[in-house]
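Asker: Below is one structure. I have some questions about it.
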Amino acid sequence: MLRYLTAGESHGKGLIAILEGMPSNLPLSAKDVDVDLARRQEGPGRGGRMKIEKDKVDFISGVRHGKTLGSPIGIFIPNKDFKNWTEIMSAEKGSAGEKVTKLRPGHADLAGILKYGFDDVRNVLERASARETAARVAVGAVCKKFLSEFGIKINSKVVHVGGAEGEKEIKALIEKIKAEGDTLGGVFEVTAAGVPAGLGSYVQWDRKLDGRISQAIMSIPAIKGVEIGLGFENSGRKGSAVHDEIFYDEKGYGHKTNNAGGLEGGVTNGEDIVIRAAMKPISTLLKPLKSVDLKTKKSAQAHVERSDVAAVEAAAVVGEAGLAYELARVMLEKFGHDSLPDIKAAFQSYLKRIR
Ligand SMILES: Cc1cc2nc3c(=O)[nH]c(=O)nc-3n(C[C@H](O)[C@H](O)[C@H](O)COP(=O)(O)O)c2cc1C
């Protein structure tokens with residue numbers, strides 16, 4: 001079984017992930033992961049932190065001579081900002097050394113302090129922060145490498161940011177909103193091409209791949225909607241304008257359209273997987289909303305923390321990681337777990353059968 005856990009606070013020593021269940025003999029280098037870590041840090045609207053962090057992965061286990069061992073892969077991503085943070089803590093009042101008590105609407109602040117019994121929001125935000133998604137992206141990059149051995153390719157694109165489409169329009173809108181002290185969300189799309197039919201299952205609710213992918217995407221901070229294929233648009237169309245007609249030719253089965261987004265009955269149907277996710281606007285506002293100071297219970301303006309104005313492009317890279325992880329899991333469930341050549345042999349024999 002493929003599984004992973006992450007640990008690490010936003011300004012702690014670093015992030016760690018343990019990815020267990022990756023088979024042996026998969027070629028893997030730090031470069032394979034660093035490319036995606038860099039992509040997660042890009043895109044218009046990112047905050048000052050991105051100039052400090054240049055994320056690089058350090059495999060502390062599970063890889064030897066450039067190949068996986070089948071043992072748990074230990075992933076470490078140091079936080080460069082840790083050094084700066086400890087210095088700031090002793091140097092400046094009003095910085096990380098001080099308790100944060102003014103709750104930010106839209107963040108995990110209020111829910112977190114109530115749940116865990118804190119008088120300092122920093123105890124919440126350090127882990128609730130999307131910094132944790134760097135560890136997910138590292139795990140996803142390993143999964144992508146595995147999937148690439150089978151010709152499966154994951155991609156993403158930004159559909160819109162705050163309603164603006166296209167690089168120029170998006171940048172211009174972000175600049176305008178930034179000057180207003182406000183923030184934006186948007187929509188991104190993640191796709192998987194080259195996916196064979198028959199991954200996932202309809203036999204039990206928790207084995208349905210559409211549900212599993214949705215959780216991987218919905219659990220990304222600030223994602224509030226996930227749709228597969230036509231998604232919400234399905235509900236307003238006639239059946240004849242939704243369902244994808246089936247044909248058979250020398251390559252095997254196919255569909256004339258892909259409104260289902262590659263998934264029927266919780267199982268891949270051989271078409272590309274197409275997922276869209278809606279991201280709400282970033283909750284830390286330079287011009288803060290009204291809130292409450294948890295120390296005094298009196299009304300106050302929300303805490304302002306160095307922050308992104310928009311992070312849709314980065315969230316899309318995290319979305320790629322979520323899709324890659326779930327696809328790697330179902331591939332391993334179907335074709336075996338231990339060694340890459342054995343899995344490839346099982347995969348080839350399956351492809352022959354379904355053609
Ligand atoms: C890539 C990425 C970057 C983010 N950057 C910020 C940020 O700089 N400031 C902020 O307040 N929220 C940021 N968020 C969103 C918060 O982490 C998120 O809204 C918060 O954890 C509350 O969770 P929820 O929105 O899922 O309910 C970011 C999210 C993602 C995916």
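Nothing in this text is a laboratory measurement; each read-out follows from the coordinates by a stated rule. This one's a predicted model, so the numbers in the text were calculated from it and none came from an experiment. Methodologically, a virtual Cβ is constructed for each residue, glycine included, from the backbone with ideal geometry; neighbour enumeration extends over all protein chains shown.
Asker: Below 8 Å, C-alpha to C-alpha, sequence gap of six or more: please give me the relative contact order for the chain in percent.
Answerer: On the way: 742 pairs, mean separation 84.6, N = 355.
Computed over the chain, the figure is 24 percent.
Asker: What are the lysines whose alpha-carbon lies under 24 Å from the alpha-carbon of Lys54, with same-chain residues fewer than 8 places away excluded?
Answerer: Lys13, Lys31, Lys80, Lys83, Lys144, Lys145, Lys157, Lys171, Lys178
Asker: Can you give the net charge of the other residues whose Cβ lies under 13 Å from the Cβ of Ile217, counting K and R as +1 and D and E as -1?
Answerer: Numbers: positive: Arg136, Arg212, Lys224, Arg276; negative: Glu189, Asp210, Glu227, Glu320, Glu326.
It works out to a net charge of -1.
Asker: Using Cα-Cα distances under 8 Å and only pairs 6 or more residues apart, what relative contact order does the range 129-230 have, in percent? Walk me through the numbers before you get to the answer.
Answerer: Working: 78 pairs, mean separation 25.5, N = 102.
Relative contact order of the range 129-230: 25 percent.
Asker: Let me ask something additional. Subtracting the Cα-Cα distance from 0.36 nm times the residue separation, let me have the gained length for Tyr116 to Lys224 in nm, one decimal.
Answerer: Values: separation 108, 0.36 × 108 = 38.88 nm, distance 2.37 nm.
Using 0.36 nm per residue and subtracting the Cα-Cα distance, I get 36.5 nm.
Asker: Could you work out the helix-only [θ] at 222 nm for the chain, with each DSSP H run of four or more residues adding -39,500 (n - 2.57) and the total divided by the number of residues, to the nearest 500 deg cm²/dmol? Can you show the working numbers first?
Answerer: Values: 10 runs with 119 residues, N = 355.
Rounded to the nearest 500, the figure is -10500 deg cm²/dmol.
Asker: Follow-up. Taking the Cα centre of the chain as the origin, how large is its charge dipole in debye, to the nearest 20, when only Lys and Arg (+1) and Asp and Glu (-1) carry charge on their Cβ atoms? Could you put the intermediate results ahead of the total?
Answerer: On the way: 53 positive and 46 negative charges, 114 e Å.
Rounded to the nearest 20 debye, it is 540 debye.
Asker: Hey, got the dipole for the range 263-349? About the Cα centre, +1 on K and R Cβ, -1 on D and E Cβ, debye to the nearest 20? Please list the in-between numbers first.
Answerer: Values: 11 positive and 12 negative charges, 190 e Å.
That gives the range 263-349 a dipole magnitude of about 920 debye.
Asker: With the dipole of the range 3-354 worked out from charges on the C-beta (+1 for Lys and Arg, -1 for Asp and Glu) around the Cα centre, which of Ser156, Ile177, Ser299 lies farthest toward the positive end?
Answerer: Among Ser156, Ile177, Ser299, the one farthest towards the positive end of the dipole of the range 3-354 is Ser299.
Asker: Right, next: What is the angle, in °, between the Cα long axis of helix 81-91 and the longest principal axis of the Cα atoms in the chain? Nearest 10 is fine, range 0 to 90.
Answerer: The angle comes out near 10 degrees.
Asker: Further, regarding this structure: Return the tail of the calculated pair distribution for the chain, meaning the percent of Cα-Cα pairs more than 38 Å apart. Before the final figure, lay out the partial values.
Answerer: Values: 14120 of 62835 pairs.
Value for the chain: 22 percent of Cα pairs lie more than 38 Å apart.
Asker: Using the charge dipole of the chain (Lys, Arg: +1 at Cβ; Asp, Glu: -1 at Cβ; taken about the Cα centre), state which of Leu28, Gly106, Thr257 has its Cα farthest towards the positive end.
Answerer: Ranked along the dipole, the leading option is Gly106.
Asker: Output the 0 to 90 degree angle, nearest 10, between the alpha-carbon long axis of helix 312-335 and the longest principal axis computed from the alpha carbons of the chain.
Answerer: Between the helix axis and the principal axis of the chain, the angle is about 40 degrees.
Asker: Using a cut-off of 24 Å between alpha-carbon atoms, which lysines can reach Lys295, once sequence neighbours fewer than 8 places away in the same chain are excluded?
Answerer: Counting by Cα, and skipping residues close in sequence, Lys295 has these lysines nearby: Lys93, Lys99, Lys102, Lys115, Lys287.
Asker: Related question: Between Ile246 and Ala193, take the C-beta separation as r, use R0 = 30 Å, and let me know the FRET efficiency to the nearest 0.05. Kindly include the intermediate steps, with their values, before the conclusion.
Answerer: On the way: r = 19 Å, r/R0 = 0.64.
The value I calculate is 0.95.
Asker: Between the helical axis of 340-354 and the dominant principal axis of the chain, each derived from Cα atoms, what acute angle in degrees is found, rounded to the nearest 10?
Answerer: 60
Asker: Can you pull out the GluC sites (Glu not before Pro) in the range 201-284 whose DSSP state is coil and whose Cβ has at most 11 other Cβ atoms within 10 Å? Numbers along the way, then the final one.
Answerer: Working: sites: Glu227, Glu233, Glu245, Glu250, Glu264, Glu271; in loops: Glu245, Glu250, Glu271.
Answer by residue number: Glu245, Glu250.
Asker: Note down the magnitude of the dipole of the range 203-355 about its Cα centre, charges +1 on Lys and Arg C-beta and -1 on Asp and Glu C-beta and zero elsewhere, to the nearest 20 debye. Working shown, then result.
Answerer: Details: 22 positive and 20 negative charges, 143 e Å.
Result for the range 203-355 is approximately 680 debye, rounded to the nearest 20.
Asker: Between the range 1-45 and the range 135-181, what is the C-alpha centre distance in whole Å?
Answerer: Cα centres, the range 1-45 to the range 135-181: 17 Å.
Asker: So which chymotrypsin sites (Phe, Trp or Tyr not before Pro) in the range 186-233 are both in a DSSP loop and have at most 14 other Cβ atoms within 10 Å of their Cβ? If you can, show how the numbers build up before the last one.
Answerer: Values: sites: Phe188, Tyr202, Trp205, Phe232; in loops: Tyr202.
Passing both the DSSP loop test and the Cβ count: Tyr202.
Asker: Hey, if you drop one equal point scatterer on each alpha-carbon of the range 236-306 and run the Debye formula without solvent, what base-10 log of I(q)/I(0) do you get at q = 0.16, 0.21, 0.28 Å⁻¹?
Answerer: So the normalised log intensities work out to -0.68, -0.97, -1.23.
Asker: Need one number: nm distance between label points at Val304 and Lys153, each 7 Å from Cα along Cα→Cβ, rounded to one decimal.
Answerer: Reported label-point gap for Val304 and Lys153 is 4.5 nm.
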